[in-house]
1. Quick one: is Arg205 in contact with a Pro (Cβ under 6 Å, 6 or more places away or on another chain), surrounded by fewer than 22 Cβ atoms within 10 Å (Cβ to Cβ) and not aromatic (Phe, Trp, Tyr)?
2. Select from the stretch 292-323 the residues that are in a helix (DSSP H, G or I), surrounded by fewer than 21 Cβ atoms within 10 Å (Cβ to Cβ), in contact (Cβ under 8 Å) with a residue 24 or more places away in the chain and out of contact with any Phe, Trp or Tyr (no Cβ under 9 Å at 6 or more places or on another chain) and list them in ascending order.
3. For the stretch 58-73, indicate whether the set of residues that are assigned to a loop (DSSP other than H, G, I, E, B) and either within 21 Å of the chain's Cα centre (by Cα) or not assigned by TED's automatic domain parsing to the domain that holds Glu170 (or both) is non-empty.
4. I'd like to check something: does the stretch 146-164 contain any residue that is part of a helix (DSSP H, G or I), hydrophobic (A, V, I, L, M, F, W, C), in contact with a helix residue (DSSP H, G or I) (Cβ under 6 Å, 6 or more places away or on another chain) and under 25 Å from Leu290 (Cβ atoms)?
5. Filter the stretch 9-33 down to the residues that are part of a loop (DSSP other than H, G, I, E, B) and more than 22 Å from the chain's Cα centre (by Cα), then identify the one that is farthest from Gly232 (Cα to Cα).
6. Quick one: Tyr215 ticks every box in (1) without any contact (Cβ under 8 Å) to a residue 60 or more places away in the chain; (2) surrounded by 17 or more Cβ atoms within 10 Å (Cβ to Cβ); (3) of a type in the set (Ser, Thr, Tyr) bar one, so which box is it?
7. Which number in (1) of a type outside the set (Val, Ile, Thr); (2) in contact with a Gly (Cβ under 9 Å, 6 or more places away or on another chain); (3) farther than 17 Å from Leu176 by Cα; (4) at pLDDT 95 or above marks the one condition that Ala43 misses?
8. Of the numbered conditions (1) touching a Ser or Thr at 6+ places or on another chain (Cβ under 7 Å); (2) buried (at least 19 other Cβ atoms within 10 Å of the Cβ); (3) not assigned by TED's automatic domain parsing to the domain that holds Asp219, Ser47 satisfies every one except a single condition; which is it?
Amino acid sequence: MRVHAPAGPDANGRLAVTLEEGTKKDSFYFASRDFNLQPSGEALIASALFAAMQSGAALGLAGTISREFYETIGDIQDILAEWHPQLAKVGIEGCQPQPCSVAPAGRVGLFFSAGVDSFYSLLKHQDEITDLIFIRGHEFRARENELLDRNARIVHETARRMGKHVIEVETDLRWLLASKGLKWVKVTHGAVMAAIGLLLQGEFRRIYIAATGNYARLDPWPSHPMLDPMWGTEALEFVHDGCELNRVEKVAVLAREDWVLRSLRVCGEYTTTAPNCGRCEKCIRTMLNLLAAGALERGPQFEVGLDAQRIRRMRVSDFHRLEDEKDNLHALAQAGAPRAIIRALRSAIHRWERRFLLMRLARTLPSPLRLLLRLPYRLLRRLGLIERRPREAGEQAAEMQGAS
């Protein structure tokens, strides 16, 4: 498998990348009107590595790459292959490793989505950070212009208030990887951020990546304090930041600034009238964070408010989010939150604990018996007692392919 790109972006700031395997060609792009993206060998490897590991084909590219990056790419693959058995370690061919010739510059970036984690890292390092990096296509398809423009406005307003620059980078790499059965949330998003950061390395000496979890829960995750720094070069350092606090504690820090609370954009759904839907688990989790901090009324705009019945029915996506909800339960009890809210959250936690226990049990059973364990969940979903998160058709098809 070979990956290659032109020497630089076109007149519109678009950098086209081609991935070839035999006679098959795939293409994806990065684009920015705020920065002259430079297609370094490190960025191309980071963007194509998962596809190569998925197919088991050696990854080839011409030119030179950072010696530091070359020496750690094998370790990166060892970690990824251990975390994801469908991935195989592959060789990197055709490139010449040498010390990075790009002199470290003075700019310091932060991948910024206006969510809880990235806002916390911004406030923590506000005297050092010079640029906020906003990715179009990271959560929504790049064509969802209305939603992306609304989110970008929040980022730009935050930058103006704090005296920072904004670099917007658009990419469709997420959807190419999804089409190959590589799940974005649990497998690939860390490498895509690394690829974008490496396209900026001519001007930046450090880029912060806001942590999702805390040190108590460092399980396999695409953006990880062990993995993120390994994508760096002699000229560019990646820093995984914020593991010292959990989400409840981060929101308590953000609650010191009213304007920060009003600017939060935490929702992953397609909302139309507000930045946050108020219905998805992440919105509900954040509203509970805010309630525990005594800041719900000062918080961001949600399409619907906090509701006990909606809490009871919410869909928890994985064990990590369940642990976040347990943190919320403890904080709400300490804060003296309304009993109806606490009871609803406790009910949701117990229901999903049982659900995850059944899922673990299902993995030990033959396939026909697994279907029997799924029937209660499907019935609850059909009755409307569990809300199903809408997904892009491409992502849904990719996940089905990955499960087969």
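The values are calculated or read from the model by the stated rules, or taken from the named source; none is laboratory data. Quick caveat, the model's predicted, so the values are computed rather than measured. Here Cβ is always computed from backbone atoms with ideal geometry, including for glycine, and neighbour counts include all displayed protein chains.
1. Working: in contact with a Pro (Cβ under 6 Å, 6 or more places away or on another chain): yes; surrounded by fewer than 22 Cβ atoms within 10 Å (Cβ to Cβ): yes; not aromatic (Phe, Trp, Tyr): yes.
Judged against the criteria, Arg205 is a match.
2. If the condition is that a residue be in a helix (DSSP H, G or I), surrounded by fewer than 21 Cβ atoms within 10 Å (Cβ to Cβ), in contact (Cβ under 8 Å) with a residue 24 or more places away in the chain and out of contact with any Phe, Trp or Tyr (no Cβ under 9 Å at 6 or more places or on another chain), then Arg298, Ala308, Gln309, Arg310, Arg312, Arg313, Glu323 are the ones that fit.
3. As a first pass, look at the stretch 58-73 and keep what is assigned to a loop (DSSP other than H, G, I, E, B): 58.
So of that shortlist, the ones also either within 21 Å of the chain's Cα centre (by Cα) or not assigned by TED's automatic domain parsing to the domain that holds Glu170 (or both) come out as 58.
Within the stretch 58-73, one or more residues are assigned to a loop (DSSP other than H, G, I, E, B) and either within 21 Å of the chain's Cα centre (by Cα) or not assigned by TED's automatic domain parsing to the domain that holds Glu170 (or both).
4. Step one: of the stretch 146-164, the residues part of a helix (DSSP H, G or I) are 146-162.
Next cut, hydrophobic (A, V, I, L, M, F, W, C) only: 147-148, 152, 154-155, 159, 162.
Add one more test, that the residue is in contact with a helix residue (DSSP H, G or I) (Cβ under 6 Å, 6 or more places away or on another chain), and what stays is 154.
Now restrict to residues that are under 25 Å from Leu290 (Cβ atoms): 154.
Yes.
5. First, pick out the residues of the stretch 9-33 that are part of a loop (DSSP other than H, G, I, E, B): 9-13, 22-23, 32-33.
The next check asks that each one be more than 22 Å from the chain's Cα centre (by Cα); those that pass are 9-13, 22-23, 33.
Values: Pro9: 22, Asp10: 26, Ala11: 28, Asn12: 28, Gly13: 24, Gly22: 30, Thr23: 32, Arg33: 24 Å.
The qualifying residue farthest from Gly232 (Cα to Cα) is Thr23.
6. Only one criterion is unmet by Tyr215, namely (2).
7. With (1) of a type outside the set (Val, Ile, Thr); (2) in contact with a Gly (Cβ under 9 Å, 6 or more places away or on another chain); (3) farther than 17 Å from Leu176 by Cα; (4) at pLDDT 95 or above applied to Ala43, the lone miss is (3).
8. (1)
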